[in-house]
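J.: I'd like to ask some things about the structure below.
The values are calculated or read from the model by the stated rules, or taken from the named source; none is laboratory data. Quantities reported herein were computed from a predicted structural model and do not represent experimental measurements. Neighbour counts run over all protein chains shown; Cβ positions are idealised from the backbone, glycine included.
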Amino acid sequence: MIPDKVPHDDVYRAPQELVKRAHVPNFDKYKELYLKSIQNPDDFWGKIAEDFFWKTPPTGKFLDYNFDVTKGKIYVKCMEGATTNICYNVLDRNVHERSLGDKVAFYWEGNEPGDELTVTYSELLQQVCRFANVLKSLGVKKGDRVSIYMPMVVELVVAMLACARIGAVHSIVFAGFSAESLFDRIMDSQCCILITADGFYRGDKLVSLKVIADDALQKCTDMGVSVQKCIVLKHLSKEEPGSQSPPAKRPCPDLQQERPRENVRKTHPKPQVPWNPEVDLCWHTLVGGASDECEPEWCESEDPLFILYTSGSTGKPKGVLHTVSGYMLYTATTFKLVFDYQSDDVYWCTADIGWITGHSYITYGPMANGATSVLFEGLPTYPDTSRLWEVVDKYQVTKFYTAPTAIRLLMKYGSAPVQKYKRDSLKVLGTVGEPINPEAWLWYYSVVGEKRCPVVDTYWQTETGGHVLTPLPAATPMKPGSATFPFFGVVPAILNESGEELEGPSDGYLVFKQAWPGIMRTVYGNQQRFEATYFQKFPGYYVTGDGCRRDKDGYFWITGRIDDMLNVSGHLLSTAEVESALVEHPAVSEAAVVGRPHPVKGESLYCFVTLRDGVSYTSVLETELKQQVREKIGAIATPDYMQNAPGLPKTRSGKIMRRVLRKIAQNERDLGDVSTLADSSVIEQLFNNRCPTAV
Ligand code: WT7
């Protein structure tokens with residue numbers, strides 16, 4: 001499975017300096033540990049678990065699972081019998097047992113240069129305890145779901161950890177999602193409370209988050225569901241939110257007064273903050289009256305920790321559920337080994353906490369290790385295209401983690417904006433979210449890292465909880481574009497269409513044969529969908545939905561999604577999700593959406609729409625349809641290309657042939673086998689109607 005030898009030539013290796021200190025210093029050591037992790041997981045993970053705090057120790061096997069639908073229910077259980085609290089492990093343990101109280105947990109860097117804030121582990125612990133007490137005083141109990149819809153601010157980390165502390169289940173919704181998407185997620189998870197903020201700036205653009213949140217809450221009320229409370233953080237507005245807001249019972253704590261970020265935007269418009277005194281509560285007023293002490297709720301290993309929604313091929317997002325102990329051990333261990341974490345590191349992951357990358361590699365993984373991280377609210381191109389490197393120098397970042405789409409975007413501006421800054425603190429670079437093309441890998445490696453820093457191409461999913469295929473920076477010789485080999489405890493295989501395991505160089509479905517601690521446990525409220533999506537196709541395996549090639553040296557190369565999913569800038573969207581947003585428009589009778597390769601985003605959305613009889617296709621309608629998708633899902637789903645499709649290519653049984661549409665979107669005349677096409681005359685018509693901007 002893991003090759004005995006790795007090639008000498010045409011691979012990239014870490015410099016000696018990194019190797020000397022590394023946790024896993026060479027390929028032989030990796031292989032040795034890997035074998036142990038597979039053959040004796042109890043021993044392997046048991047050792048790791050010793051560093052964590054357990055209120056009561058586990059009683060049974062480390063991992064117990066069933067991946068085979070023909071043998072009954074699919075389940076994964078890790079460390080049964082143990083009780084712990086993940087918030088205690090990432091905060092109290094660092095402060096009280098490891099003397100890290102004064103260590104910086106986060107350097108917060110706002111959207112606007114100069115907006116900054118530093119928070120230590122003990123300060124964070126205090127803020128989390130206060131907010132946990134606030135949640136308790138509002139009646140939030142263990143197992144209750146809490147929706148969080150916030151920008152990238154320290155209070156987002158506070159809110160999620162406060163939930164974890166009291167055993168409530170957080171469901172974070174990315175602040176770029178629309179009211180409709182937030183509404184869907186609140187309804188599906190049956191949240192009792194929503195935590196949001198007045199608004200934030202994304203580059204130059206003001207996002208009035210509270211207005212969008214209110215819209216979502218109104219939709220809930222219309223459906224007869226009332227979210228009892230909405231806690232609003234004042235991030236941009238200085239005054240009490242809303243004109244009718246009730247006078248604070250006691251003065252707001254002066255937490256806010258120290259914040260330079262309040263002043264930086266003096267000249268910029270403030271967000272609109274509608275206020276409903278029946279539902280809305282001011283974050284600052286609430287924490288002002290709360291105590292600093294809060295005993296954690298001791299949770300069972302398999303108690304739910306959070307729900308995070310990811311696109312599903314039926315169009316309805318799936319609530320991926322992760323549980324306490326396995327997720328904690330897995331994110332902590334992957335973080336430590338994949339970034340070769342050392343105690344003097346300054347680590348920066350540019351992802352948003354609204355995605356799994358932020359959950360696992362901004363909050364839980366780094367904090368479990370007591371790391372110092374940068375928490376970045378801004379954009380790579382604001383106020384200019386040097387921003388990332390400016391921030392790297394400012395905080396002397398050593399480990400840097402970003403997405404291929406950001407790398408490709410910055411590549412367009414050449415090396416000058418990069419070279420304006422020194423970047424000599426950098427030691428390891430990482431990427432995640434989609435396959436990275438070798439050209440972008442080499443640019444990242446040579447220009448950003450000056451050939452001094454290994455690039456870890458980490459392949460994983462919301463569902464896997466943490467990295468599953470990845471290099472270890474000092475141990476794995478790298479090939480640009482390959483996610484290389486499995487992490488500890490992970491057993492990949494490549495299957496053909498008939499479900500046979502392929503050996504040696506091969507191409508097929510990427511699956512996993514065994515459970516590892518961080519894998520998802522179920523789809524929230526829908527075990528049947530969990531089994532159908534991931535375990536039905538090939539009984540006995542977890543099916544990722546990705547295609548994969550293994551080369552002659554045993555390296556894994558992800559070839560992209562093989563289901564009806566699109567990956568736009570590292571974010572998964574399902575074709576069905578976008579199609580259903582389009583057909584909700586009264587002018588549309590049918591829609592088909594495919595991905596078209598895009599130099600920066602990886603894939604872009606190309607939509608074919610069939611209009612109802614009598615409606616004509618105009619540019620006004622086109623704008624309206626694009627707007628509709630944006631409103632239903634969010635800005636990330638805005639279609640790039642759209643065309644009129646009076647007929648769609650279908651098989652005789654009525655199935656849309658997306659394969660053919662993908663070719664048309666790319667203006668490729670070689671359509672392959674079209675013998676199953678019911679009416680071939682639609683093809684010429686579709687080529688003639690192609691979207692003129694899609695050259
Ligand atoms: C899908 C998961 C995992 C955090 C971000 C996305 C693609 C992710 C890589 C990589 C090739 C990758 C896959 C995967 N993907 N990382 N290094 N190389 N493809 O999380 O939204 O759950 O998306 O992203 O297609 O299935 P997600």
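J.: Looking only at the stretch 419-466, count how many residues are within 20 Å of Tyr34 (Cα to Cα), of a type outside the set (A, V, I, L, M, F, W, C) and either within 8 Å of the ligand (Cβ to nearest atom) or surrounded by fewer than 23 Cβ atoms within 10 Å (Cβ to Cβ) (or both).
T.: Of the residues in the stretch 419-466, 4 are within 20 Å of Tyr34 (Cα to Cα), of a type outside the set (A, V, I, L, M, F, W, C) and either within 8 Å of the ligand (Cβ to nearest atom) or surrounded by fewer than 23 Cβ atoms within 10 Å (Cβ to Cβ) (or both).
J.: Considering only the stretch 515-548, how many residues are part of a strand (DSSP E or B), β-branched (Val, Ile, Thr) and either more than 21 Å from the chain's Cα centre (by Cα) or within 15 Å of the ligand (Cβ to nearest atom) (or both)?
T.: So the answer is 3.
Yes/no per residue for (1) closer than 23 Å to Ala162 by Cα; (2) over 23 Å from the mean Cα position of the chain (by Cα):
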site	(1), (2)
Lys71	no, yes
Thr84	yes, yes
Asp102	yes, yes
Gly110	yes, no
Asp115	no, yes
Thr118	yes, yes
Glu123	yes, yes
Val140	yes, yes
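J.: Here are Val583, Val568, Val578: which of them is β-branched (Val, Ile, Thr), over 30 Å from Met1 (Cβ atoms) and within 15 Å of the ligand (Cβ to nearest atom)? If you could, list the steps in order and put the result at the bottom.
T.: Working: Val583 fails: within 15 Å of the ligand (Cβ to nearest atom); Val578 fails: within 15 Å of the ligand (Cβ to nearest atom).
After ruling out the rest, the residue left standing is Val568.
J.: If you don't mind, there's one more thing I want to ask. Checking Val374 against (1) closer than 30 Å to Trp54 by Cα; (2) surrounded by 24 or more Cβ atoms within 10 Å (Cβ to Cβ); (3) among the β-branched types (Val, Ile, Thr), which test does it fail?
T.: Failing condition for Val374: (2).
J.: Restricting the search to the stretch 469-481, which residues are near the ligand (Cβ under 9 Å from one of its atoms), surrounded by 23 or more Cβ atoms within 10 Å (Cβ to Cβ) and part of a loop (DSSP other than H, G, I, E, B)?
T.: Looking only at the stretch 469-481, we keep the residues that are near the ligand (Cβ under 9 Å from one of its atoms), and these are 469-470, 481.
So of that shortlist, the ones also surrounded by 23 or more Cβ atoms within 10 Å (Cβ to Cβ) come out as 469-470.
Hit for the stretch 469-481 is Thr470, nothing else.
J.: Go through the residues of the stretch 5-15 one by one and say whether even a single one is more than 29 Å from the chain's Cα centre (by Cα), under 20 Å from Ala332 (Cβ atoms), surrounded by 12 or more Cβ atoms within 10 Å (Cβ to Cβ) and at pLDDT 95 or above.
T.: Checked against the condition, which is being more than 29 Å from the chain's Cα centre (by Cα), under 20 Å from Ala332 (Cβ atoms), surrounded by 12 or more Cβ atoms within 10 Å (Cβ to Cβ) and at pLDDT 95 or above, the stretch 5-15 yields no hits at all.
J.: If you don't mind, there's one more thing I want to ask. Looking at (1) crowded, with 21+ Cβ neighbours inside 10 Å; (2) more than 12 Å from the ligand (Cβ to nearest atom); (3) aliphatic (A, V, I, L, M), which one does Val491 not meet, given that it meets all the others?
T.: With (1) crowded, with 21+ Cβ neighbours inside 10 Å; (2) more than 12 Å from the ligand (Cβ to nearest atom); (3) aliphatic (A, V, I, L, M) applied to Val491, the lone miss is (1).
J.: Look through Ile353, Ile407 and report the one residue that is in contact with a helix residue (DSSP H, G or I) (Cβ under 9 Å, 6 or more places away or on another chain), within 14 Å of the ligand (Cβ to nearest atom), of a type in the set (Val, Ile, Thr) and in a loop (DSSP other than H, G, I, E, B).
T.: Every option except Ile353 fails the conditions.
J.: Can you go through Gly433, Gly499, Gly414 and tell me which one is touching a Ser or Thr at 6+ places or on another chain (Cβ under 8 Å) and small (Gly, Ala, Ser)?
T.: Gly433
J.: Please find, among Lys552, Lys632, Lys601, the residue that is away from the ligand (no atom under 16 Å from the Cβ), farther than 30 Å from Pro7 by Cα and of a type in the set (D, E, K, R).
T.: Of Lys552, Lys632, Lys601, the one residue that is away from the ligand (no atom under 16 Å from the Cβ), farther than 30 Å from Pro7 by Cα and of a type in the set (D, E, K, R) is Lys632.
J.: Take Thr559 and tell me if it is in contact with a Leu (Cβ under 6 Å, 6 or more places away or on another chain), under 26 Å from Val320 (Cα atoms) and either within 16 Å of the ligand (Cβ to nearest atom) or part of a strand (DSSP E or B) (or both).
T.: So Thr559 fails the test.
J.: Would you please list the contacts, defined by Cβ atoms under 8 Å and residues six or more apart or on different chains, that run from a residue in the stretch 377-403 that is closer than 16 Å to Val448 by Cα and in a loop (DSSP other than H, G, I, E, B) to a residue that is among the acidic types (Asp, Glu) and away from the ligand (no atom under 16 Å from the Cβ)?
T.: Pairs that qualify, where the first residue is closer than 16 Å to Val448 by Cα and in a loop (DSSP other than H, G, I, E, B) and the partner is among the acidic types (Asp, Glu) and away from the ligand (no atom under 16 Å from the Cβ), are Thr398/Asp344; Thr398/Asp345.
J.: A further question follows. Hey, among Trp54, Trp45, which residue is surrounded by 14 or more Cβ atoms within 10 Å (Cβ to Cβ), over 29 Å from Arg550 (Cα atoms) and out of contact with any Asp or Glu (no Cβ under 8 Å at 6 or more places or on another chain)?
T.: Trp54
J.: Just for the stretch 205-223: of the residues that are of a type outside the set (A, V, I, L, M, F, W, C) and under 24 Å from the mean Cα position of the chain (by Cα), which one is nearest to Ile148 (Cα to Cα)?
T.: It comes out as Lys210.
J.: Right, another one. Here is a list of conditions, (1) closer than 19 Å to Thr118 by Cα; (2) assigned to a loop (DSSP other than H, G, I, E, B), and Pro366 meets all of them except one; can you say which number that is?
T.: (2)
J.: Do you know which residues across the stretch 482-499 are among the aromatic types (Phe, Trp, Tyr) and either within 15 Å of Thr544 (Cβ to Cβ) or part of a strand (DSSP E or B) (or both)? It would help to see each step written out before you state the result.
T.: The initial filter retains those residues of the stretch 482-499 that are among the aromatic types (Phe, Trp, Tyr), namely 485, 487-488.
Answer for the stretch 482-499, where residues must be among the aromatic types (Phe, Trp, Tyr) and either within 15 Å of Thr544 (Cβ to Cβ) or part of a strand (DSSP E or B) (or both): just Phe487.
J.: Given the condition within 16 Å of the ligand (Cβ to nearest atom), over 19 Å from Pro517 (Cα atoms) and buried (at least 22 other Cβ atoms within 10 Å of the Cβ), answer yes or no: does some residue in the stretch 318-329 qualify?
T.: yes
J.: Can you tell me which residue is farthest from the ligand (Cβ to nearest atom) among those in the stretch 302-317 that are of a type in the set (Ser, Thr, Tyr) and assigned to a strand (DSSP E or B)?
T.: Here the residue is Tyr309.
J.: Quickly run through the stretch 512-530 and pick out the residues that are crowded, with 16+ Cβ neighbours inside 10 Å and more than 22 Å from Thr333 (Cβ to Cβ).
T.: Thr522, Val523, Tyr524, Asn526, Arg529, Phe530
J.: Additional query: If you check Gly570 against the conditions, is it small (Gly, Ala, Ser) and either closer than 17 Å to Val432 by Cα or crowded, with 20+ Cβ neighbours inside 10 Å (or both)?
T.: Against the criterion (small (Gly, Ala, Ser) and either closer than 17 Å to Val432 by Cα or crowded, with 20+ Cβ neighbours inside 10 Å (or both)), Gly570 qualifies.
J.: Among the residues of the stretch 33-66, how many are among the polar types (S, T, N, Q) and closer than 29 Å to Leu91 by Cβ?
T.: 3
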